[in-house]
């Protein structure tokens, strides 16, 4: 077990980082906000943590906190500016945020290290810290799926206008989903930087959008559990699929397309349906 | 309870509501009649805070509510039931009701739910089922029940009978009367003028964004222009 852990520690770390990244877009999706701003926030967190560690010598949790704070402020401003957009337009605008960020860090001069990125952001952040943070985030999000906040968020997703008429503070919930997505994304980015001690512009690029969407589409976007399933699958799948070699990208593409078309609720949705069927056998005659 | 004074609402440069005044009083049903595009729905939506008001006053129990956030207006005691019997389809019937009751104190919401179930027994039977699986009439009752959960002083109903089977229309309008009799002030937009007049106490007629008639239901019945526009010529001679 210990030998297995030591051999796979990098994958284990990246699984929890991926989980936080996936949650950063699952949270707004759950509120019906098609925002990918969590990806740009990942870049903000990654670079902020590197900069304050290198230049100011801040301890790891202060560096992570600084990244999260900055990302949350930007996410809140984005929420104010983008409030009128919806659906795909919002998705495009928030992808643009992440693309602009990659360009900005390449042209950031000494502060961001240009195309080479930043090196030597050494800290004593450990795998256990990452796991603890991820577990804490999951517990808080799981709580937010119950009771009043859970139903409020469901209502905002299903029918925002009706939700307003029922007395749900829809605008506040949407803004909060932006900010929480920003916090989670920045936390993932900052911890990744501090674990690897480096950050480069490619690492915060467009591929993260693909990775995060892939995890959510295959895992399921309705609950934190979907993000967890997605993070587990897409951390370990590459090790299983090593034999397909250069076809791996194609296999991924097919998996995502099949999931999006045939299982829109993801693996999580399939599992929930299965459990429901076990509990309640089909009635004779059935219902239309 | 609710006073609307010289309300004006514009969409861009188009004035949809041009100086509407109306009121709704405790225990009374005020029927809002008017052709398509007369500004009925816009008036209700503006009062509920869903579309911005250009000018005019809306007072709820004497306090002005124009410009307040819509979810605060619900807390103040005014709730809109939008047209098209909208419910949160994937949520259960009971979850829909619980959602409606978050603006009221918990103990009161519990009590109101019993009251709603007593008023609409079918909702109790189906309380664990998805709201989307209810029939059209049942969904409208759920929409009423959800609105009642906030313990409103004023309810705005937008076309509650639209698209329902004739038998269902009567029981839905019967429920509207029952809600008014429990002391709530109701402002009801209704296409079916004939049935609407049977349960109404007061009538407002809108045309091209303006109020062109105010009066009691009895006056409306005998007012030639109301009759011609909404009840058909047969009612004049018969």
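See the values below:
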read-out	value
Failed item, numbered, when residue B:79 is tested on (1) over 19 Å from the mean Cα position of the chain (by Cα); (2) buried (at least 23 other Cβ atoms within 10 Å of the Cβ)	(1)
2 or more residues more than 30 Å from residue B:128 (Cβ to Cβ): qualifying helices (runs of 4 or more DSSP H) within the range A:177-288	A:207-219, A:224-240, A:248-262
Given (1) closer than 21 Å to residue B:1 by Cβ; (2) out of contact with any helix residue (DSSP H, G or I) (no Cβ under 7 Å at 6 or more places or on another chain); (3) within 10 Å of chain A (Cβ to nearest Cβ), number of the condition residue B:79 does not satisfy	(2)
Test: residue in the range B:156-174 that is under 15 Å from residue B:103 (Cβ atoms), within 14 Å of chain A (Cβ to nearest Cβ) and within 15 Å of the chain's Cα centre (by Cα)	no
Residue check for residue A:27: in a helix (DSSP H, G or I) and surrounded by 23 or more Cβ atoms within 10 Å (Cβ to Cβ)	yes
Number of positions in the range A:149-160 that are surrounded by fewer than 24 Cβ atoms within 10 Å (Cβ to Cβ), more than 7 Å from chain B (Cβ to nearest Cβ) and over 15 Å from residue B:146 (Cα atoms)	5
Pick from the range A:163-186, criterion surrounded by 23 or more Cβ atoms within 10 Å (Cβ to Cβ) and either touching a strand residue (DSSP E or B) at 6+ places or on another chain (Cβ under 8 Å) or farther than 19 Å from residue A:81 by Cβ (or both), ranking: farthest from the other protein chains (Cβ to nearest Cβ)	A:184
Residue match in the range A:125-144 (condition: more than 14 Å from chain B (Cβ to nearest Cβ), under 18 Å from residue B:88 (Cβ atoms) and either part of a helix (DSSP H, G or I) or touching a residue at least 60 places away in the same chain (Cβ under 8 Å) (or both))	yes
So residue A:197, is it at positive phi and surrounded by fewer than 24 Cβ atoms within 10 Å (Cβ to Cβ)	yes
Failed condition for residue A:255, given (1) touching a residue at least 24 places away in the same chain (Cβ under 8 Å); (2) surrounded by fewer than 19 Cβ atoms within 10 Å (Cβ to Cβ); (3) closer than 25 Å to residue A:143 by Cβ	(3)
Odd one out for residue B:71, checked against (1) in a helix (DSSP H, G or I); (2) closer than 18 Å to residue B:185 by Cα	(2)
Scan of the range B:89-101 for residues that are in a loop (DSSP other than H, G, I, E, B), within 7 Å of chain A (Cβ to nearest Cβ) and within 20 Å of the chain's Cα centre (by Cα), ordered by number	none
Selected residue (criterion: farthest from the other protein chains (Cβ to nearest Cβ)) from residues of the range B:115-136 that are part of a helix (DSSP H, G or I) and buried (at least 21 other Cβ atoms within 10 Å of the Cβ)	B:123
Residue in the range A:34-82 that is nearest to residue A:211 (Cα to Cα), counting only those that are in contact with a helix residue (DSSP H, G or I) (Cβ under 7 Å, 6 or more places away or on another chain) and in a loop (DSSP other than H, G, I, E, B)	A:36
Residues (in contact with a strand residue (DSSP E or B) (Cβ under 7 Å, 6 or more places away or on another chain) and either buried (at least 24 other Cβ atoms within 10 Å of the Cβ) or closer than 19 Å to residue A:129 by Cα (or both)) located in the range A:30-64	A:46, A:47, A:50
Test: residue B:59 is surrounded by fewer than 16 Cβ atoms within 10 Å (Cβ to Cβ) and within 11 Å of chain A (Cβ to nearest Cβ)	no
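For every residue, the table says whether it meets (1) at pLDDT below 95; (2) in a loop (DSSP other than H, G, I, E, B).
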{"residue": "B:163", "(1), (2)": "yes, yes"}
{"residue": "B:167", "(1), (2)": "yes, no"}
{"residue": "B:172", "(1), (2)": "yes, no"}
{"residue": "B:175", "(1), (2)": "yes, no"}
{"residue": "B:188", "(1), (2)": "no, no"}
{"residue": "B:197", "(1), (2)": "yes, no"}
{"residue": "B:206", "(1), (2)": "yes, no"}
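The values are calculated or read from the model by the stated rules, or taken from the named source; none is laboratory data. None of these values were measured; they are calculated from a predicted model. Cβ atoms come from the backbone with ideal geometry, glycine included; neighbour counts cover every protein chain shown.
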